[in-house]
Every structure is written in C-alpha cells, then in structure tokens.
1. Modelled label-to-label distance, F77 and F62, 7 Å Cα→beta-carbon offset: nm?
2. Over segment 15-83, what is the relative contact order in whole percent, taking alpha-carbon pairs under 8 Å and six or more residues apart?
3. Report P(r) for segment 22-83: all Cα-Cα distances, bin width 5 Å, range 0 to the bin holding the largest distance, values in whole percent.
4. Just how much of V74 is accessible, in Å², when a 1.4 Å probe is used and the result is rounded to the nearest 10?
5. With a 1.4 Å probe and all protein chains in place, put E66, E49 in order of accessible area, largest first.
6. Order I36, I75, I31, most accessible first, counting only protein heavy atoms with a 1.4 angstrom probe.
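The values are calculated or read from the model by the stated rules, or taken from the named source; none is laboratory data. Being a predicted model, the structure only gives us computed values, none of them experimental. Don't worry about glycine lacking a Cβ; one is built from the backbone with ideal geometry, like all the others, and counts go over all protein chains shown. Quick note on the areas: whole protein, heavy atoms, side chains included, nothing else; ligands and nucleic acids left out. Shrake-Rupley method; radii C 1.70, N 1.55, O 1.52, S 1.80 Å.
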Amino acid sequence: MTTEVLAQAAGSINPGLAAIGYGLGAIGPGIGVGLIFAAVINGTARQPEAQGKLQTLGYTTFVLVEVLALIGIVIYFIASAAA
C-alpha cells in the first residue's frame with residue numbers, strides 16, 4: 001500500500017472516530033510492553049547471569065512493539081489534519 005493511498009484513506013475518516021481508533025490501537029502495544037518486561041523480570045529472577053542478554057532482547061522487542069503505537073498516532077494526525 002503506497003503512502004498516497006494510505007493518506008487518502010485516512011483523510012476520509014472522521015477525526016473523532018480516528019481518536020477512538022487510536023485509543024483502541026494503543027491498548028495492544030501497552031499490553032505487549034507489559035508482557036515483554038514481565039518476561040524479562042521473570043527470566044532474570046530465574047537466571048540472574050542472563051540479565052544482560054535478556055535486557056537487550058527486551059529493549060529490542062520493546063522498540064518493535066512501540067513502533068506500532070507510533071504508526072497509529074501518525075495515522076491519527078493524518079486523519080485529523082485532512083478533515
């Protein structure tokens with residue numbers, strides 16, 4: 001999907017509906033971040049010598065999950081600016 005098609009589709013959305021959609025879309029990354037760091041804490045408690053490797057993996061997956069929320073807020077601003 002090209003950016004022009006995405007901008008056109010996002011431009012036809014009501015800004016209030018876009019805000020509700022972003023709010024619902026932010027729930028997923030929020031839960032994902034909680035699960036990621038819960039697993040890092042659990043793994044560190046079970047095997048303390050692997051803390052460095054677990055933290056590196058935790059922060060890497062945190063970035064990947066958080067990108068979803070950032071994409072959602074960009075699409076929200078595109079939808080609210082085009083209205």
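1. About 2.3 nm separates the two model spin labels.
2. Relative contact order for segment 15-83 comes out at 52 percent.
3. Going out from 0 Å in 5 Å bins, segment 22-83 shows 4, 18, 21, 16, 13, 10, 8, 5, 3, 2, 1 percent.
4. 80
5. E49, E66
6. So the residues, ranked largest to smallest area, are I31, I75, I36.
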